[in-house]
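Notes to accompany the following structure.
The values are calculated or read from the model by the stated rules, or taken from the named source; none is laboratory data. Just so it is clear, the structure is predicted and the values come from calculations on it, not from any experiment. Note that each Cβ is placed from the backbone with ideal geometry, even for glycine, and that neighbours are counted across all protein chains shown. What goes into the accessible areas is simple: the full protein's heavy atoms, side chains included, and nothing from ligands, DNA or RNA. Shrake-Rupley method; radii C 1.70, N 1.55, O 1.52, S 1.80 Å.
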Number of protein chains: 2
Amino acid sequence: MKVKKFKSIGVIHSPFKGIEGMPIQPSSAKGIDGWIELDPTYLAGLQDLDGFSHIILLYYFHKAKDIKLVVTPFLDDLPHGIFATRAPTRPNPIGLSVVELKRIENERLFITNVDVLDGSPLLDIKPYIPGFDHQQDVRIGWMQASEDEIRTKVSDDRFLGRAGKKAA
Amino acid sequence: MKVKKFKSIGVIHSPFKGIEGMPIQPSSAKGIDGWIELDPTYLAGLQDLDGFSHIILLYYFHKAKDIKLVVTPFLDDLPHGIFATRAPTRPNPIGLSVVELKRIENERLFITNVDVLDGSPLLDIKPYIPGFDHQQDVRIGWMQASEDEIRTKVSDDRFLGRAGKKAA
């Protein structure tokens with residue numbers, strides 16, 4: 001099965017101009033504002049999105065260099081499979097973040113709680129719907145131990161994905 | 001910014017051989033079992049994933065025909081912008097579902113609460129992490145009115161995306 005080529009439909013802007021200081025997860029991104037510049041081609045697709053308080057962004061990890069199937073995340077000292085982490089060095093480098101939608105002005109979407117690198121190409125916007133997206137009775141494996149710790153950490157090199165480097 | 005070509009890293013299997021009877025959302029998919037056949041190339045990436053009870057699947061809406069920026073979802077009688085819906089006829093036809101992970105046997109992942117069409121090419125697996133993915137005080141716009149109603153509905157033509165057809 002061939003997967004057709006995806007395209008950038010816009011750009012995500014944030015205060016994170018480089019990888020240093022990037023939040024490794026949204027609770028560190030609390031209150032961090034950003035905006036999306038949607039390609040005007042897709043403007044009609046925004047109709048009624050302003051009724052939703054939260055949106056799911058899919059974007060391209062454009063700074064991810066290599067694929068690393070096993071990474072040592074910033075949140076841990078042990079290696080884990082890439083699919084058990086949110087690190088960018090994935091076989092398909094697609095990022096996923098849930099952000100709060102503040103308002104929409106034409107093709108510009110103002111968002112907050114942003115944990116995305118400035119300039120990230122946008123692939124999709126989906127409405128966040130608790131009935132679809134919220135799960136209960138959840139186990140989070142290796143992350144459980146560091147759950148409290150991660151609330152305060154930020155990453156500085158999670159995109160590098162090189163041996164000996166940590167990858168979020 | 002060019003987005004490089006993504007590739008299928010596996011196949012999602014489900015009882016939904018065609019679009020008819022597909023659940024339009026996960027609560028209709030409750031208890032529906034499926035499995036993922038991961039390309040063995042990526043087996044190392046599964047390390048420690050079995051500690052997570054829920055996973056986020058990104059997959060290719062391989063049966064989506066056209067891009068429709070405005071759709072009349074199965075859940076409503078009014079048209080909405082594609083980004084305010086979860087319909088497949090998106091500029092980048094990437095599906096997102098949160099499913100429960102039952103167990104992993106080599107490159108086969110057994111999952112439940114599956115709302116994915118059989119044969120869908122898998123793009124990514126991410127661990128579901130409430131600290132990242134769970135939002136509170138959420139508004140869901142046009143879906144609010146039909147929130148109760150959708151708990152029982154299933155879709156039969158949401159992939160068609162043609163004028164006059166409904167698209168979920």
Problem set entry | Selection within region B:140-161 - surrounded by 14 or more Cβ atoms within 10 Å (Cβ to Cβ), out of contact with any Pro (no Cβ under 6 Å at 6 or more places or on another chain) and either at pLDDT below 80 or of a type in the set (Lys, Arg) (or both) | B:Ser146, B:Ile150, B:Lys153, B:Ser155, B:Asp156, B:Asp157, B:Arg158, B:Leu160, B:Gly161
For this session: Test A:Arg90 against the criterion of being free of Cβ contacts under 8 Å to residues at least 60 places away in the same chain and either open to solvent by less than 30 Å² (accessible area, probe 1.4 Å) or within 22 Å of A:Met22 (Cβ to Cβ) (or both), and give yes or no.
Result: yes
Exercise. Among the candidates A:Leu123, A:Leu58, A:Leu96, A:Leu78, which residue alone is outside any strand (DSSP E or B) and of a type in the set (A, V, I, L, M)?
Worked result: A:Leu78
For this session: Quick one: count up the residues across region B:120-136 that are open to solvent by 40 Å² or more (accessible area, probe 1.4 Å) and more than 7 Å from every other protein chain (Cβ to nearest Cβ).
Result: 1
Seminar exercise, completed: From the option list B:Lys17, B:Lys30, B:Lys102, B:Lys63, single residue qualifying as within 13 Å of the chain's Cα centre (by Cα), surrounded by fewer than 19 Cβ atoms within 10 Å (Cβ to Cβ) and more than 8 Å from chain A (Cβ to nearest Cβ) is B:Lys63
For this session: For region B:80-93, indicate whether the set of residues that are β-branched (Val, Ile, Thr) and touching a Gly at 6+ places or on another chain (Cβ under 6 Å) is non-empty.
Result: yes
Problem set entry | Failed item in (1) part of a loop (DSSP other than H, G, I, E, B); (2) more than 9 Å from chain B (Cβ to nearest Cβ); (3) free of Cβ contacts under 8 Å to residues at least 40 places away in the same chain, with A:Leu117 passing the rest | (3)
Problem set entry | Subset of region B:66-81 that is open to solvent by less than 20 Å² (accessible area, probe 1.4 Å) and in contact (Cβ under 8 Å) with a residue 60 or more places away in the chain - its residue that is farthest from A:Ile129 (Cα to Cα) | B:Val71
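Consider A:Ile32 carefully, then state whether it is modelled with pLDDT of 95 or more and closer than 15 Å to A:Val98 by Cα.
Answer is no for this residue.
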For this session: Out of the residues in region B:105-114 that are surrounded by fewer than 24 Cβ atoms within 10 Å (Cβ to Cβ) and in a strand (DSSP E or B), state the one that is nearest to the other protein chains (Cβ to nearest Cβ).
Result: B:Thr112
For this session: Kindly indicate which of B:Leu75, B:Leu57, B:Leu38 is within 23 Å of B:Ala145 (Cα to Cα) and of a type outside the set (Ser, Thr, Tyr).
Result: B:Leu75
Exercise. What is the number of the single condition among (1) assigned to a helix (DSSP H, G or I); (2) without any contact (Cβ under 8 Å) to a residue 24 or more places away in the chain; (3) of a type outside the set (Gly, Ala, Ser) that A:Gln135 does not meet?
Worked result: (1)
Problem set entry | Given (1) within 8 Å of another protein chain (Cβ to nearest Cβ); (2) open to solvent by less than 40 Å² (accessible area, probe 1.4 Å); (3) within 18 Å of the chain's Cα centre (by Cα), index of the condition B:Tyr42 fails | (3)
